[in-house]
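Beneath this line is the structure, given in structure tokens, with notes to follow.
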Amino acid sequence: MEKNILITGGTKGIGFAVAKSLVTAGYNVILTYGSDFHQAEKARMELHQAGKKSVMVVKADITEKKSIDILDDFLAEHNIRLFSVVFNAGITCRTPFESLTIDEWEQTFFANLHFPVFLLQRIVHRIDKGGNVLFTGSLMGEYAHSVSLAYGVSKSAVHALVKNLVKFMQPFSIRVNAVAPGFVDTDWQKNKPAEIRKNIENKIALGRFCSPDELAQVYKMIIENNYFNGEIIPVSGGYSYR
Ligand SMILES: NC(=O)c1ccc[n+]([C@@H]2O[C@H](COP(=O)([O-])OP(=O)(O)OC[C@H]3O[C@@H](n4cnc5c(N)ncnc54)[C@H](OP(=O)(O)O)[C@@H]3O)[C@@H](O)[C@H]2O)c1
């Protein structure tokens, strides 16, 4: 039977690498993105080429409530059942604490936390029994973040959400987990100044960033292994052990 997996923020970085590993393994994927249509089309074609499976892309900005309707309508229109949902898209907010506004705080929490909760509420009936939901948390949800208070706290909340959701998804026979990546070489990190990247590498026992493909192997394992449930799996290369 064909298995479909929805991945938010699936057109670049971690989400794209996860999508690539899944289409190569025979899954169909539905990818969401926020604004970069050009990249979304490129990702769609590349993934279709890689796996010869169905690859759909949908624009759904996680900072906007209407994106919940857009995705719900899209899945209904195409009558799509899901084996897995990967809530991967997230945003940060680097405004210094002294000038952080309530709107910025709320937007970060809406995108990282409220959006997946209320999208899941709408689409849970489409997820197969025995399926699963996987979040991209962050190692910075476990350690205190030195730059973004809103990001660090919202990712901690994602980890708490995962543990609590297990109880609410149990009646649907759906597993819920999170991966908490350390530092992964995506545009998110590549855009940082060389000096900051060096400082990060110096704190990691392996002395380097994780590649998106290495991380994607972990996502695939959690999606496919039936005994992961309520777990927050850090993938950090030994952060702080150096
Ligand atoms: N990279 C790391 O070191 C790291 C570490 C820990 C956790 N994470 C988490 O991993 C997730 C993905 O990060 P990444 O490093 O892979 O980022 P990335 O390479 O910048 O990719 C981001 C993806 O999310 C989409 N996206 C961005 N803003 C969006 C929005 N407002 N609405 C909908 N989609 C949006 C992007 O599409 P568009 O460009 O079209 O908007 C793209 O598909 C995030 O939740 C992040 O917090 C990353």
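The values are calculated or read from the model by the stated rules, or taken from the named source; none is laboratory data. Small disclaimer: the values here were computed from a predicted structure and weren't measured. Ideal geometry is used to build each Cβ from the backbone, glycine not excepted, and the neighbour counts take in all protein chains shown.
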Cys210 passes all but one of the listed conditions (1) within 15 Å of the chain's Cα centre (by Cα); (2) at pLDDT 95 or above; (3) closer than 30 Å to Thr24 by Cβ; (4) of a type in the set (A, V, I, L, M, F, W, C); the exception is number (1)
Within region 134-171, the residues that are more than 21 Å from Lys220 (Cβ to Cβ), surrounded by fewer than 22 Cβ atoms within 10 Å (Cβ to Cβ), within 16 Å of the ligand (Cβ to nearest atom) and not hydrophobic (A, V, I, L, M, F, W, C) are Glu142, Tyr143, His145, Ser146, Ser148, Tyr151, Gly152, Ser156
Per the filter on region 218-242, residues exposed (fewer than 12 other Cβ atoms within 10 Å of the Cβ) and either at pLDDT below 95 or of a type in the set (Asp, Glu) (or both) are Ser240, Tyr241
Might you let me know whether region 118-133 holds any residue that is basic (Lys, Arg) and loosely packed, with under 14 Cβ neighbours inside 10 Å? yes
Picked from region 189-217 (must be surrounded by 15 or more Cβ atoms within 10 Å (Cβ to Cβ) and under 19 Å from Ser148 (Cβ atoms)), the residue farthest from the ligand (Cβ to nearest atom) is Lys203
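Residue-by-condition table, conditions (1) surrounded by 14 or more Cβ atoms within 10 Å (Cβ to Cβ); (2) more than 21 Å from Gly130 (Cα to Cα); (3) of a type in the set (Val, Ile, Thr); (4) within 16 Å of the chain's Cα centre (by Cα):
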site	(1), (2), (3), (4)
Ile5	yes, no, yes, yes
Lys12	yes, yes, no, yes
Thr32	yes, yes, yes, yes
Asp36	no, yes, no, no
Lys65	no, yes, no, no
Asp69	no, yes, no, no
Val85	yes, no, yes, yes
